[in-house]
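Accompanying notes for the structure given below.
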Amino acid sequence: MEKAISITENPFAKTNGRGKDVKETAVVGLTQTAVVLIIAILVIILGIIIYQGRTKFSWEFISSFPTDGMTQGGIFPALIGTFILVIVMSIAAVPFGTITAIYLTEYAHENSKFAAAVRFSIRTLAVVPSIIFGLFGLGFFIQFVGTGMDSAFNDGQLRWGQPNILWASLTMALLTLPVIIVSVEEALKTIPRELREASLALGATKWQTIKHVVFPGSISGIMTGTILAVSRGAGEVAPILFTGAAYYLATLPGSLSDQFMNLGYHVYIMSTQSSDVEKTMPIQFATTLVLLILTLSLNLVAVIIRSRIRRKAK
Amino acid sequence: MNSPHPNKQTFTKESLKKQFRLSEFLAEKVISSVAFLSIAVIFLIFIFVFKESLPLFGFNDKAKANTEIQTTTGAAIETYGSETSTADSEPETYGAPAESLEPETYGSPTEDLNPVVEETAAAEPETYGTVTEDLNPDSASEDVVAIDEKVTGNKEGADKTWSTFFSTEWVPVSDNPRFGLIALFIGTLKVTIIAMLIAGPLAILAAVYTSCFASNRRKEIIKPIIEMLAAFPSVVIGFFAMMVLATFFQDIFGYDSRLNAFIGGVAMALAAIPIIYTISEDALSSVPKTYTEASLALGASKAQTAFSVILPAATPGIFAALLLGVGRVFGETMIALMATGNAALLSANPFESVRTFAATIGSEMAETVFGETHYSVLFFIGSLLFIFSFILNAVAEFYVKGRLIKKFQGK
């Protein structure tokens with residue numbers, strides 16, 4: 001009689017005594033290590049920046065101007081500059097992003113070539129290096145639109161044909177457009193088809209359905225998208241390098257044609273071009289900490305809202 | 001009374017036809033034209049980034065026209081480097097040069113302009129000293145030098161610039177400027193390879209764990225945490241690499257230049273990990289459950305299923321993830337600016353400083369003069385980067401996704 005082979009256990013596997021396959025454990029362990037490593041790196045970055053930045057981090061630091069050739073004082077103008085940037089950026093990007101998302105979910109036919117092209121463009125926009133947006137801002141907004149506006153309305157005097165908040169914000173708006181579109185689209189897709197059909201069956205037109213049924217349901221998606229876009233826009237530096245960020249300004253920007261200070265740019269110049277990099281180290285870490293708190297907390301809020309939308313959809 | 005249905009409406013073909021409503025029509029047109037904007041933006045980006053590099057291709061006539069328009073407001077544009085506007089301080093000076101410019105040809109007005117630029121630039125520290133700190137104390141003199149170069153540069157034509165592209169030296173500001181793109185390309189390649197060697201395996205293994213081995217509860221925790229890494233601004237990662245990683249690795253390896261290709265690569269890996277991870281994870285999770293079940297039913301272990309069944313099935317998606325990761329690293333500016341040392345050295349040693357394409361644009365654009373060869377070369381590099389990322393995305397989109405769909409549908 002042949003010996004019966006047990007189904008539950010593989011007779012060829014080497015086991016480690018506890019009945020587990022050694023190779024199996026090693027492979028799973030390897031993948032687990034990768035996860036642990038990535039999370040550890042993340043925690044280390046956060047930890048070091050919090051640890052180094054905590055000494056300087058205070059209300060005074062946030063609310064005061066830099067002094068003594070930027071070796072002392074706070075980051076108030078940089079913070080305000082960042083706020084103005086993301087506000088103007090959102091005003092420009094959110095309507096366009098929302099309408100594009102509405103087009104893609106409500107109007108586009110499944111096999112429409114045009115919609116496919118729009119989708120492809122959005123994904124391309126999302127992967128174009130951010131420095132290219134900076135070049136575009138310089139070449140299009142400043143050199144083309146700005147100088148054009150100057151010669152048209154300003155008697156050729158320089159006002160718009162130079163780096164300023166408006167052009168920096170618009171450049172940033174292009175960069176964050178895909179973020180908003182994707183978020184709103186996702187929210188629109190969670191609205192049940194039955195709601196739209198019910199509205200249409202009651203005699204509402206397509207536009208009325210969108211206005212009264214679809215759009216109200218997408219508010220949370222628009223919010224998520226806006227928050228994510230703001231988080232992205234607050235952290236990006238490359239697009240504003242030559243479209244409006246200033247090294248140091250003694251006053252807050254008064255109009256859209258002024259230059260502005262920016263948190264990320266402040267970190268960059270303080271760590272690479274400061275007169276005394278060693279001495280200003282605590283300021284650099286504290287500025288980085290502020291920037292990180294800003295972007296990560298916004299992101300966290302977006303993630304929470306998004307998971308609520310998903311749960312509701314289920 | 002004659003009819004059993006007194007309220008019966010007669011539906012003819014005409015009455016059932018969709019009524020034309022102006023508001024509906026307008027809404028649809030407006031919405032689709034806004035959607036068209038994103039396509040237009042892609043074209044505009046390409047056109048305007050490429051347009052500024054046109055003088056390199058010998059389109060001198062066009063360049064001339066452009067610069068003539070520009071010269072009316074030109075003096076202030078020329079002071080980009082100082083990051084301040086001279087216009088506000090001395091608007092009166094603009095009238096005079098503009099008038100003298102118009103009838104003249106391209107070469108001479110720029111020379112006429114020189115003293116004016118010098119004046120405004122020299123006046124700057126006085127008027128703006130308290131307001132704005134000068135980025136480059138010597139930018140005024142640099143600008144003047146650069147304008148001289150522009151005059152000679154354009155006269156000698158585009159051919160000379162082209163021939164320097166394939167040299168190995170990147171010396172954009174000198175009497176004899178050389179724009180050796182090879183050195184920059186090697187630098188970019190080096191950083192990209194190092195970053196991908198680190199980020200690729202790490203992110204893919206993590207994705208395999210998350211989609212194949214982790215319990216649902218763990219998955220819900222791990223995914224958002226790793227994706228949180230994507231929320232780190234690149235300037236923060238660059239700063240961390242520059243301040244912490246550079247010192248840490250210098251203690252281990254004992255190399256000379258503190259900031260080098262390796263540090264840049266490690267830092268960029270941090271930026272690329274969330275992208276590769278997210279897309280790979282999506283690809284792995286979208287492999288049909290039947291594949292897994294069939295494999296497990298045949299007696300394969302979980303690890304065998306993951307690596308011999310699920311991973312091969314998701315290969316196109318993972319390939320796409322790696323491509324997009326390369327795209328991210330290739331074009332990353334802030335990390336390259338801060339952590340790679342920014343010296344265009346040509347060597348295979350990963351512990352030497354390098355200079356990438358994107359970092360070159362980021363660091364030098366502020367110092368160039370509008371219309372100058374250097375300016376055009378930087379825009380040319382920009383269009384190269386744009387074309388490259390466009391192609392990467394197109395390949396990831398059409399080739400890879402097409403194969404993935406075919407595979408899962410069993411065609």
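Laboratory data are not the source of any read-out in this text; all were calculated from the coordinates shown. Nothing here was measured: the structure is a model prediction, and the numbers come from that model. Here Cβ is always computed from backbone atoms with ideal geometry, including for glycine, and neighbour counts include all displayed protein chains.
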Task: In region A:78-103, residue nearest to the other protein chains (Cβ to nearest Cβ) [restricted to those that are surrounded by fewer than 22 Cβ atoms within 10 Å (Cβ to Cβ) and over 23 Å from residue A:57 (Cα atoms)] - done: A:99
Open item on the list: If I filter region B:286-309 down to residues being of a type in the set (A, V, I, L, M) and surrounded by fewer than 20 Cβ atoms within 10 Å (Cβ to Cβ), which single residue comes out as nearest to the other protein chains (Cβ to nearest Cβ)?
Closed with: B:300
Open item on the list: in a helix (DSSP H, G or I), more than 8 Å from chain B (Cβ to nearest Cβ) and within 30 Å of residue A:147 (Cα to Cα): which single residue out of A:216, A:282, A:239 fits that description?
Closed with: A:239
Open item on the list: Please go through region A:88-140 and give me each residue that is assigned to a helix (DSSP H, G or I), in contact with a Lys or Arg (Cβ under 9 Å, 6 or more places away or on another chain) and over 21 Å from residue A:165 (Cα atoms), ordered by number.
Closed with: A:104, A:105, A:106, A:107, A:127
Task: Subset of region B:201-232 that is without any contact (Cβ under 8 Å) to a residue 24 or more places away in the chain and outside any helix (DSSP H, G or I) - its residue that is nearest to the other protein chains (Cβ to nearest Cβ) - done: B:214
Task: The lone exception for residue A:116 - which of (1) more than 28 Å from residue B:388 (Cβ to Cβ); (2) more than 7 Å from every other protein chain (Cβ to nearest Cβ) it fails - done: (1)
- [ ] Answer yes or no: is there a residue in region A:128-138 that is under 24 Å from residue B:333 (Cα atoms), polar (S, T, N, Q) and touching a residue at least 24 places away in the same chain (Cβ under 8 Å).
- [x] yes
- [ ] Look at region A:42-77 and say how many of its residues are free of Cβ contacts under 8 Å to residues at least 40 places away in the same chain and surrounded by 18 or more Cβ atoms within 10 Å (Cβ to Cβ).
- [x] 3
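For every residue, the table says whether it meets (1) hydrophobic (A, V, I, L, M, F, W, C); (2) within 26 Å of the chain's Cα centre (by Cα); (3) within 24 Å of residue A:166 (Cα to Cα).
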| position | (1), (2), (3) |
| --- | --- |
| A:46 | yes, yes, no |
| A:49 | yes, yes, no |
| A:65 | yes, no, yes |
| A:73 | no, no, no |
| A:86 | yes, yes, yes |
- [ ] Filter region B:37-54 down to the residues that are more than 7 Å from every other protein chain (Cβ to nearest Cβ) and either touching a residue at least 12 places away in the same chain (Cβ under 8 Å) or farther than 23 Å from residue B:372 by Cβ (or both), then identify the one that is surrounded by the most Cβ atoms within 10 Å (Cβ to Cβ).
- [x] B:53
Task: Hey, residue B:283 more than 11 Å from chain A (Cβ to nearest Cβ), assigned to a helix (DSSP H, G or I) and closer than 13 Å to residue B:196 by Cα or not - done: no
- [ ] For region A:145-152, state whether one or more residues are crowded, with 18+ Cβ neighbours inside 10 Å and either among the basic types (Lys, Arg) or facing chain B (nearest Cβ under 8 Å) (or both).
- [x] yes
